[in-house]
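Working notes, beginning with the structure itself.
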Amino acid sequence: MESSKAPGSGPLRLAVTLGDPRGIGPEVVSASARRFLEGRPEVQLLLLGDRQNLGELAHGLPYEAVCGFDGSEESAGKVALGAIQRGVELALAGEVHGLVTGPVHKPSLHAAGAFYPGHTELLADLTGAHEVGMLMHADPTRFGGPLRILLATTHLALRDVPGRVTRELVEGQVGLLHESLVRWWGLSSPRIALCALNPHASDGGLFGDEEARVFRPAVASLRARGVDVTDALPADTVFLRATGGQADAVVVPYHDLGMAVFKTLSFGRGVNVTLGLPFPRTSPDHGTAFDLVGTGLADPSSTLEALQLAARLAAAARLASAAPLHSAAPPTL
């Protein structure tokens, strides 16, 4: 693929990694890529993975083999890692405008020497991003749509969460979400709901003090900068705001608090979006599902959604890059 030097010119190009070669990534990427191109033939896709899977599944789709696969866990990790590294390299060089990643297996990445808890942290390291966010997006959900949930902390033991949820973290994650919703989703004044850490938002200090000590000053600072964010709301009601159309996104303090709700309402249609990178990155909301490989039961719907959202966000990012310097911008955060 030849690079287009002008930010807004030339065809839209996406790199797509197959993920762990032993999982369902190769088959769902192949199926979803074809379905995607039926509706968006003007978008160019480049598949990245191991030689064997690409040779069997590409069938005319552009691809680049990053290495071979010998069947071992270490080799699987090297394939998955190599594809991600190549996708990031292409995106940073402007050869592609966005990255879609297939599901990886964390133990195999570790066996290959990549000691990261997940894609989000790996991508932050590869790009040198100062701050990243893990946003789960679905449109529609079982209640309608859309639903967007940002996980302020990601792959972290529950016992470590309270120490990580600081005022700086809350301000940074809410600010990053606000800016992304403006620039990539085109929401001029996004409404963000903030989920509390403690039951009943601590009930005035009965069940913890994070709501008063951490969330309250963070909210005051964000509002002073023009960000529309709620006070910390109890987890048992905050999601009603998003599903009822009263908020554009919810920020939750830890992984499972958001993921339990998200997957219940949108499994199979959900997309993981990494905020804060120099380019859009999306992935399906499921894992490698080794037990489904070759059964014909693997559902490509979430990968198709990831492709569609990546194309949408990449197009918005190109427009933002090509916009004149005097165009409107979100508050400085």
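The values are calculated or read from the model by the stated rules, or taken from the named source; none is laboratory data. This one's a predicted model, so the numbers in the text were calculated from it and none came from an experiment. Backbone-built Cβ (ideal geometry, glycine too); neighbour counts: all protein chains shown.
When Leu265 is tested against the conditions (1) in contact with a His (Cβ under 6 Å, 6 or more places away or on another chain); (2) assigned by TED's automatic domain parsing to the domain that holds Ala138, the lone failure is (1).
The lone criterion from (1) surrounded by fewer than 16 Cβ atoms within 10 Å (Cβ to Cβ); (2) in a strand (DSSP E or B) left unmet by Glu168 is number (2). Among the residues making up the range 63-106, a single one is in contact with a helix residue (DSSP H, G or I) (Cβ under 7 Å, 6 or more places away or on another chain), buried (at least 20 other Cβ atoms within 10 Å of the Cβ), assigned to a helix (DSSP H, G or I) and not hydrophobic (A, V, I, L, M, F, W, C): Gly77. All of (1) buried (at least 18 other Cβ atoms within 10 Å of the Cβ); (2) part of a strand (DSSP E or B) hold for Asp231 with one exception: (1).
One line per residue, one yes/no per condition, for (1) of a type in the set (A, V, I, L, M); (2) out of contact with any helix residue (DSSP H, G or I) (no Cβ under 7 Å at 6 or more places or on another chain); (3) under 13 Å from Val252 (Cα atoms):
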{"site": "Ala138", "(1), (2), (3)": "yes, no, no"}
{"site": "Gly163", "(1), (2), (3)": "no, yes, no"}
{"site": "Ile192", "(1), (2), (3)": "yes, no, yes"}
{"site": "Ser202", "(1), (2), (3)": "no, no, no"}
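Could you go through the range 212-229 and let me know if any residue there is among the hydroxyl-bearing types (Ser, Thr, Tyr) and within 17 Å of Arg148 (Cα to Cα). Among the residues of the range 212-229, not one is among the hydroxyl-bearing types (Ser, Thr, Tyr) and within 17 Å of Arg148 (Cα to Cα), which makes the answer no. A single member of His137, His119 is touching a strand residue (DSSP E or B) at 6+ places or on another chain (Cβ under 9 Å), buried (at least 24 other Cβ atoms within 10 Å of the Cβ) and in the same structural domain as Thr288 (by TED's automatic domain parsing), and it is His119. The set of residues in the range 147-163 that are without any contact (Cβ under 8 Å) to a residue 60 or more places away in the chain and of a type in the set (Lys, Arg) contains only Arg159. Within the range 30-56, no residue that is outside the structural domain of Ile84 (by TED's automatic domain parsing) and in contact (Cβ under 8 Å) with a residue 24 or more places away in the chain sits with its Cβ atom under 7 Å from a residue that is surrounded by 15 or more Cβ atoms within 10 Å (Cβ to Cβ) and of a type outside the set (Asp, Glu) at 6+ positions apart or across chains.
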